[in-house]
Amino acid sequence: MILPKVIIHQAKTEAIKRFHPWIFSGAIKRKDAALNNDELAEVVDEKNNFLAIGYYTESNIAVRVLSFKRVDSLAALFHEKIVAAFEARKLLQLVDNPYTNAYRLMHAEGDEMPGLIIDIYNEVAVIQAHSIFIAKQMDLIASVLKDVYKGKLKAIYNKSAATLP
């Protein structure tokens, strides 16, 4: 996947190398002219060394990192992250729990998906996008949820209107 680039000042790469999920605007040396607001970008250092993949927003938090490794497709990335969150909730015994049927499946940066909250209430998934980029991925998110839950979801509700900038 070829993406526009965000180039980070060499002195500002350490936080990214420690897997911090946010890149602040002051860390950016420059960006490709083709990069628009709320688009996916490749983050590199001044020597063009790969650092991360994230979505760019013209704000104080300029890049929200989705992956610290290269990705083949956005669909594969979302699938990987949502499956990982689902497997973690299974380990915590939240999925198919006899005492509760509600849990948070995806908790933004905590599950390496900044801007995305997904709550499960029995057979209903409630999605909150906290960024335009994530909101644009709603069909993809719904598709992955249907795949992961294999017919157990009766509805997917988009609750993003109140949370979007």
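Some notes on this structure:
- If only residues of region 40-72 that are small (Gly, Ala, Ser) and open to solvent by less than 20 Å² (accessible area, probe 1.4 Å) are counted, the one that is nearest to Ile2 (Cα to Cα) is Ala41.
- Ile16 vs. criteria surrounded by 16 or more Cβ atoms within 10 Å (Cβ to Cβ), under 19 Å from the mean Cα position of the chain (by Cα), at pLDDT 95 or above and of a type outside the set (D, E, K, R): yes
- Residue that is farthest from Glu46 (Cα to Cα), among those in region 1-21 that are among the β-branched types (Val, Ile, Thr) and not in a helix (DSSP H, G or I): Ile2
- The set of residues in region 95-111 being in contact with a strand residue (DSSP E or B) (Cβ under 7 Å, 6 or more places away or on another chain) and buried (at least 18 other Cβ atoms within 10 Å of the Cβ) consists of Leu105, Met106, Ala108.
- Among the residues making up region 135-157, those that are within 21 Å of Glu109 (Cβ to Cβ) and either touching a residue at least 60 places away in the same chain (Cβ under 8 Å) or more than 16 Å from the chain's Cα centre (by Cα) (or both) are Lys136, Gln137, Leu140, Ile141, Val144, Leu145, Val148.
- Only one of the numbered conditions (1) in contact (Cβ under 8 Å) with a residue 12 or more places away in the chain; (2) more than 24 Å from Ala161 (Cα to Cα); (3) out of contact with any helix residue (DSSP H, G or I) (no Cβ under 9 Å at 6 or more places or on another chain); (4) not hydrophobic (A, V, I, L, M, F, W, C) is not met by Thr100, and that is (1).
- For region 120-157, the set of residues classified as small (Gly, Ala, Ser) and farther than 28 Å from Glu58 by Cα consists of Ala125, Ser143, Gly151, Ala155, listed by residue number.
The values are calculated or read from the model by the stated rules, or taken from the named source; none is laboratory data. All values reported here derive from a predicted model rather than from experimental measurement. Backbone-built Cβ (ideal geometry, glycine too); neighbour counts: all protein chains shown. These area figures cover heavy atoms from the full protein model, side chains too; ligands, DNA and RNA do not enter into them. Shrake-Rupley method; radii C 1.70, N 1.55, O 1.52, S 1.80 Å.
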